[in-house]
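What follows is one structure encoded as C-alpha cells, with my remarks underneath.
The values are calculated or read from the model by the stated rules, or taken from the named source; none is laboratory data. Since we're looking at a predicted model, the values are computed, not measured. Cβ sites come from the backbone with ideal geometry, for glycine too, and all protein chains shown count toward neighbours. All accessible areas refer to the heavy atoms of the entire protein, side chains included, with ligands and DNA or RNA removed. Shrake-Rupley method; radii C 1.70, N 1.55, O 1.52, S 1.80 Å.
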Amino acid sequence: MQKQLFVFLKALLGSFKDLLPIILVIAFFQLVILNQPLPNVMDIIFGLALVVLGLTFFIYGLEMGLFPLGESMAQAFAKKGNVAWLMVFAFCLGFGTTVAEPSLIAVAAEASRVAAAGNVIEQTPTAIKDYANGLRFMVALAVGIAIVVGVLRILKGWPIHYLIIGGYVIVVIMTGFAPDWIIGIAYDSGGVTTSTITVPLVTALGVGLASSIKGRNPMLDGFGLIAFASLTPMMFVMLYGLILN
C-alpha cells in the first residue's frame, strides 16, 4: 500500500512538473505583459489542482490498465494465428475508440454548428445532428481502416515511409477536388482523432503485436499506427464533403 502511494505521489509530482511551464507562461503574460491581475485566483488554483489530479489519474490508469490490456490482447491474437479475427479486432478497436474520442465529438459539434450558420446544411437540429454524427462516423471508419492497414504492415513488414508518402500524395490530390468548406475540417480531423482514448490502445496494439511476431522489432515495427490514424481521416472527410456537395 505504501509503495503504491509513493508511486502515485511521484506521478502527481511528475504531472505538476509537466504543467508547470504552461502555468508560468500564462502567469508571465497575464501579470507582466498585460499587467493585469489573475481573475478568480481561487477558482484558477482549484481548477489547476483538478487538472493535475486528472492528468495523474489518466497516466496512472494507462500504465495500469490500457497499455497492458492492449498488449496482452495483441499478443493473444498473434499466438492464436487467426489473421481474420485480428483484422476484425483492429478495425473495431480503431472505430470504437475514435467514436468515443472527446476531441472529435467537440470538433464535429462545432463544425456542424458553423456549417449550419454558413448555409452549408439546413439550420435545423436534425440536420446539425446528422452532420455531426456523419462526420464522426466517417472519421471513425477511416481510423478503423487505418489500423487494419497498419496491422497488415506489421504482419507483412512493409516499409512505413512508402505508405505514408503515398497517402499524403492522395490527400494533396483530393484537396484539389474537395469543397473549400470541408478542407480545413478534414485536416483538423487528422489531428483530433489521435488523442486521449485512441493513442494508448492503438500504440499498445502495435507494440504488443510486433513483440509477438518473430522477426519483428517492437521499436521499428511496433510504432507507426498513429500516423495512419492521422492520415486516413483527411481522405475520408474530404470524401464526405464531396458526397454532401
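Data table
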{"item": "Candidate lysines for bridging to Lys156, where Cα separation is under 29 Å - those fewer than 8 sequence places away on the same chain excluded", "result": "Lys79, Lys80, Lys214"}
{"item": "Rounded Å value of the spacing that divides the Cα centres of the range 1-27 and the range 48-90", "result": "23 Å"}
{"item": "Per-residue [θ]222 nm for the chain (sum of -39500 (n - 2.57) over DSSP H runs n ≥ 4, rounded to 500)", "result": "-27000 deg cm²/dmol"}
{"item": "Phi to ³J(HN,Hα) by Karplus 6.51 cos²θ - 1.76 cosθ + 1.60 over the range 165-179, Hz, x for Gly, Pro", "result": "4, x, x, 6, 4, 4, 4, 5, 5, 5, 4, x, 10, 6, x"}
{"item": "Label-point separation in nm, Ala109 to Met87, each point 7 Å along Cα→Cβ", "result": "3.7 nm"}
{"item": "Set of aspartates and glutamates near Lys17 by C-alpha distance (under 20 Å), chain-local residues within fewer than 8 positions excluded", "result": "Glu63"}
{"item": "For the chain: rounded, prolate or oblate by the Cα gyration tensor [a/c cutoff 1.5]", "result": "oblate"}
{"item": "Cα gyration tensor shape for the range 22-86, rounded if a/c is under 1.5, else prolate or oblate", "result": "prolate"}
{"item": "Most to least accessible of Phe8, Phe91, Phe177 (protein chains only, probe 1.4 Å)", "result": "Phe177, Phe91, Phe8"}
{"item": "Accessible carbon and sulfur surface of the chain relative to its total accessible area, %, 1.4 Å", "result": "72 percent"}
{"item": "Probe 1.4 Å, protein heavy atoms only - accessible area per residue of the chain in square angstrom", "result": "56 Å²"}
{"item": "Computed label-point distance, nm, for sites Asp43 and Leu152 using a 7 Å Cα→Cβ extension", "result": "5.2 nm"}
